[in-house]
C-alpha cells in the first residue's frame, strides 16, 4: 500500500469537518465542536488561516493534519504549529502518523521554520509515547492559557 499526501481544497470542507469530529470524538470532546462547513471554508480557503494535509492510502484519505504558522521572536522565524493530527482507527499501526509528521517536518524545513510544535492531552499516553519516540520533548515549564467565548469578549470590550 502506498501512502501519498495532498493539500486540501475547498471542495474537501465536508471531509475536513468529518476528520475534526472523529478526532474530537477520540479526545472525548465532540460536544465542543461548533465548527461548520461555512466557517471552515471561510477560515481555511478564503482567509487562509490554516492548511490541511491529507494522507492517502491508495488514493483514499486515511489521515489528516491541520496546521498553521506561528512566530518565535527568540528565533526570529516562523514555526509550524500542528493543531490536529488524526489517522482513522482502522489504518493505525501502519506508520501513517509518523509519515504525516515527517511530511510536516519537511514542509517546515522547506518554509524555513525554526520549529514545529503541538499540544497533546495529558491522558493520551499512546500519543505521548509515540511523540517521545520521535524525539519530541514536552514543554513542562510552560502552562497554556486560553480565553474563549464570553471571557474573550469581556476582555476585548473592557474599558482601558
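Quick notes on this structure:
- Test: residue in the stretch 125-144 that is part of a strand (DSSP E or B) and closer than 19 Å to residue 20 by Cβ: no
- The number of residues in the stretch 123-160 that are in contact with a helix residue (DSSP H, G or I) (Cβ under 8 Å, 6 or more places away or on another chain) and farther than 18 Å from residue 97 by Cβ comes to 1.
- If the condition is being in contact with a helix residue (DSSP H, G or I) (Cβ under 7 Å, 6 or more places away or on another chain) and in a loop (DSSP other than H, G, I, E, B), then the stretch 37-59 contributes 49, 50.
- Taken together, the residues in the stretch 49-60 that are over 21 Å from residue 114 (Cβ atoms), surrounded by fewer than 18 Cβ atoms within 10 Å (Cβ to Cβ) and either modelled with pLDDT under 95 or in contact with a strand residue (DSSP E or B) (Cβ under 9 Å, 6 or more places away or on another chain) (or both) amount to 4.
- Residues that are more than 20 Å from residue 102 (Cβ to Cβ), modelled with pLDDT of 95 or more, assigned to a loop (DSSP other than H, G, I, E, B) and over 13 Å from the mean Cα position of the chain (by Cα) do occur in the stretch 8-20, at least one of them.
- Conditions (1) part of a loop (DSSP other than H, G, I, E, B); (2) under 14 Å from the mean Cα position of the chain (by Cα); (3) more than 24 Å from residue 17 (Cα to Cα); number of the one not met by residue 79: (1)
- If the condition is being part of a loop (DSSP other than H, G, I, E, B) and touching a helix residue (DSSP H, G or I) at 6+ places or on another chain (Cβ under 9 Å), then the stretch 93-111 contributes no residue at all.
- Some residue of the stretch 3-25 being in contact (Cβ under 8 Å) with a residue 40 or more places away in the chain and exposed (fewer than 11 other Cβ atoms within 10 Å of the Cβ): yes
- Criterion: modelled with pLDDT of 90 or more and at positive phi - qualifying residue of 135, 114: 135
- Flag for residue 90 being in contact with a strand residue (DSSP E or B) (Cβ under 9 Å, 6 or more places away or on another chain), in a helix (DSSP H, G or I), at pLDDT 95 or above and more than 19 Å from residue 8 (Cβ to Cβ): yes
For (1) under 28 Å from residue 18 (Cα atoms); (2) surrounded by 12 or more Cβ atoms within 10 Å (Cβ to Cβ); (3) within 17 Å of the chain's Cα centre (by Cα), each residue gets a yes or a no:
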position	(1), (2), (3)
74	no, no, no
84	yes, yes, yes
90	yes, no, no
120	yes, yes, yes
152	yes, no, no
156	no, no, no
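- The number of residues in the stretch 132-150 that are over 22 Å from the mean Cα position of the chain (by Cα) and surrounded by 10 or more Cβ atoms within 10 Å (Cβ to Cβ) comes to 0.
The values are calculated or read from the model by the stated rules, or taken from the named source; none is laboratory data. Note that this is a predicted model, so its numbers are computed, not measured. Neighbour counts are summed over all protein chains in view; Cβ atoms, including those assigned to glycine, are modelled from backbone coordinates with ideal geometry.
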